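Scroll down for the structure; my scribbles are underneath it.
The values are calculated or read from the model by the stated rules, or taken from the named source; none is laboratory data. Small disclaimer: the values here were computed from a predicted structure and weren't measured. Here the Cβ is made from the backbone with ideal geometry for all residues, glycine too, and neighbour counts use every protein chain on show.
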Amino acid sequence: MIEVEDESGENPFDIPPEQREASLAFLYEHFSQALDRFEPRIESAVYCDELAWVARSLMELELWIEYCDDPHRAQEFYQDGVREVFEIHRHRPIVDEATKTLEKAAEKFLTGDKRRDAPIYIKDAVKALGPERERYRKQNSDLLSKLVHPTAFSLMALSDPSSDSPIRGQLIPFAKAAVADARKGLREGYLGKVYDKFGPLLIAARQARVGT
């Protein structure tokens with residue numbers, strides 16, 4: 001059974017306004033952990049379709065971090081974690097009462113006038129970053145998607161790892177530049193400042209739980 005209350009009996013989604021900025025310290029950690037997971041795969045990917053997936057993921061992380069370099073957009077993106085659950089269930093009716101109760105509680109986490117099941121997608125998010133970043137995503141996403149998905153091009157061009165060195169020679173520098181820019185943006189941007197302020201409190205709270 002899914003629990004919708006913590007040990008204090010409170011709804012964990014019901015975050016007071018004054019604590020919402022502090023909750024973005026978790027978003028900083030999630031971005032950082034994602035970069036840590038993907039970066040080693042740049043060199044370890046055997047096939048180019050896997051490398052293209054890694055490169056595209058790092059590019060999108062770079063753009064999402066840039067998008068979140070704004071308090072309002074960062075909070076909106078963080079809340080999209082809940083909106084995406086509602087989106088998944090849009091055409092999959094929930095029948096068990098525990099999940100219905102959880103979804104009702106989760107709505108308290110959402111603010112603004114966005115539909116509860118309408119998260120923002122990367123192709124729309126980059127519009128807030130300007131035409132140059134839109135072109136960056138569009139140009140690279142088109143190529144990377146051709147390699148990631150089982151298209152006719154990828155099936156024929158990537159069938160043998162020994163013959164894909166020209167493509168690999170382009171993807172590896174691109175992925176490395178994306179992860180470097182993403183880390184710099186994360187550390188020096190708005191989320192980095194939030195983590196400097198609230199990160200030590202998170203660490204202290206975790207250490208206290210381990211010690212009890």
Name every residue in the stretch 39-52 that is surrounded by fewer than 20 Cβ atoms within 10 Å (Cβ to Cβ) and either within 15 Å of R133 (Cβ to Cβ) or not small (G, A, S) (or both), in order of residue number. E39, P40, R41, I42, E43, V46, Y47, E50
When the stretch 125-143 is examined, which residues are found to be more than 16 Å from A175 (Cα to Cα) and either among the aliphatic types (A, V, I, L, M) or in contact with a strand residue (DSSP E or B) (Cβ under 8 Å, 6 or more places away or on another chain) (or both)? A125, V126, A128, L129
From the residues in the stretch 116-136 that are outside any helix (DSSP H, G or I) and modelled with pLDDT under 95, which one is surrounded by the fewest Cβ atoms within 10 Å (Cβ to Cβ)? Y121
